[in-house]
1. Count, please, the residues in the range 87-136 that happen to be outside any helix (DSSP H, G or I) and surrounded by 15 or more Cβ atoms within 10 Å (Cβ to Cβ).
2. In the range 36-55, which residue that is basic (Lys, Arg) and part of a helix (DSSP H, G or I) is nearest to ASN344 (Cα to Cα)?
3. Given the conditions (1) crowded, with 24+ Cβ neighbours inside 10 Å; (2) within 25 Å of LEU291 (Cβ to Cβ); (3) among the aliphatic types (A, V, I, L, M), which single one is not true for ALA219?
4. For the range 1-35, give me the residue count where each residue is in a strand (DSSP E or B), touching a Phe, Trp or Tyr at 6+ places or on another chain (Cβ under 8 Å) and either surrounded by 18 or more Cβ atoms within 10 Å (Cβ to Cβ) or not basic (Lys, Arg) (or both).
5. Would you be able to say whether some residue in the range 309-318 is in a strand (DSSP E or B), within 23 Å of HIS162 (Cα to Cα), touching a helix residue (DSSP H, G or I) at 6+ places or on another chain (Cβ under 7 Å) and not hydroxyl-bearing (Ser, Thr, Tyr)?
6. Would you check which residues across the range 1-47 are more than 22 Å from SER216 (Cβ to Cβ) and under 22 Å from the mean Cα position of the chain (by Cα) and list them?
7. Given the criteria assigned to a loop (DSSP other than H, G, I, E, B) and without any contact (Cβ under 8 Å) to a residue 24 or more places away in the chain, does PRO139 qualify?
Amino acid sequence: MKISPLIYDFRALLPSYHLSQEYAFHWLAAAHAQAEVRALGRMDLQSEWLDRMGRLVRRYGCSARRIGGRRSELSDFMHTRWEEMRIFNLASTPEGEGINARNQFYADTASRVVNQFYADEEDPPADLLHVTCTGYASPSAIQRLIERKRWGIWTRATQIYHMGCYATLPALRVAAGLLFNPQNGGTPRADILHTELCSLHLNPQDHSPEQLVVQSLFADGHMRYSMTLDEMTGSEAGRPAFEVLAMQEEVIPDSVEDMTWVLSEWGFRMTLSRDVPDKIAAALPGFLERLLVSAGENPQADRDRIIFAIHPGGPKIIDSVQNLFKLNDEQIASSRAVLFERGNMSSATLPHIWAKILADAGVSPGTQIVSLAFGPGLTVTGALFKKR
């Protein structure tokens, strides 16, 4: 008898500050203008550069029609008093604080978030997995939590770092492997935590179209959820859940430089080639067929009832998948909604989409969900779920 992992109990924690996309455009234009005149030593050019950057941000940035707002843990984005900024103190330097200060802010914030997630909980999971690509800390936030809770003899800590936006699905694979470990007794639980602070990694001195897209797309996000094997017991019984039917991961040939996420002196830096949407679109039909076959499904079956949870690398990614598979708007509604409400939160985005689908009373038990995500490599990951 096949034992299938179940994922359930999604809990989001909202980052502290909300920015409408219209306001974010004004802030980005002001930051880029300030960085440029500071670098030139020509404060008399402030008005000229503000006008120029305003036009560029609106030309290349993600439209407010597609992203309504985003959230951040940094209060810097709530004003333009540069000398008061924690990271983007552009009154003294055109790039803001360096990687050390940004990473320290990440470490402090991740620990606070993890502690909030478990503030009132005394039931230790067998495994705790921390997923992020926006900061590093050792001891990590989950190790500090385990020590503080005195869970050290019950809970194993696993870090899943720097994989990018697609890391959610490898995290599920790792969690399932840990739970199948015969050393575990009873019905063990693995908890997966995402703490992504994408807004830390912005260089206002880089005015390239590529970076203006990135800076108007990414946001901060936090999510916690659990995995167990097959049937739930005790307090978990009867909860809405997804049964994980299959998982798949592939690297697209001849694509290794099309998307990168690397450390720089002024934060982490992403590069995206124009070929990314086309290469993903070319790879997806075969990928989806192999995913469905691995789950024992007929890849030619009617897909009209399948919900697609698509990681919104950008609005064009959702559009491309919809057009490629001729999906109706209802099949991708949750993906579009999360992008509009939250922006791209890197690895935390898919769990927000899953949570929305699981909570949707219009998605009946038995419905299948195809989940897709993309990241550096270019890596394509996918999973097939069934709503319980």
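The values are calculated or read from the model by the stated rules, or taken from the named source; none is laboratory data. Predicted model, so just to flag it, every value in this text is computed and none were measured. So basically every Cβ, Gly included, is an ideal-geometry build from the backbone, and we count neighbours across all protein chains shown.
1. 23
2. Going through the qualifying residues, I end up with ARG55.
3. Unmet for ALA219, out of (1) crowded, with 24+ Cβ neighbours inside 10 Å; (2) within 25 Å of LEU291 (Cβ to Cβ); (3) among the aliphatic types (A, V, I, L, M): (2).
4. 8
5. yes
6. Correct list: PRO5, LEU6, ILE7, TYR8, ASP9, PHE10, ARG11, ALA12, LEU13.
7. Yes.
One line per residue, one yes/no per condition, for (1) crowded, with 24+ Cβ neighbours inside 10 Å; (2) small (Gly, Ala, Ser); (3) part of a strand (DSSP E or B); (4) modelled with pLDDT under 95:
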{"position": "LEU178", "(1), (2), (3), (4)": "no, no, no, yes"}
{"position": "ASN181", "(1), (2), (3), (4)": "no, no, no, yes"}
{"position": "HIS194", "(1), (2), (3), (4)": "yes, no, yes, no"}
{"position": "SER199", "(1), (2), (3), (4)": "yes, yes, no, no"}
{"position": "ASN203", "(1), (2), (3), (4)": "no, no, no, yes"}
{"position": "GLN211", "(1), (2), (3), (4)": "no, no, no, yes"}
{"position": "MET223", "(1), (2), (3), (4)": "yes, no, yes, no"}
{"position": "SER226", "(1), (2), (3), (4)": "no, yes, yes, no"}
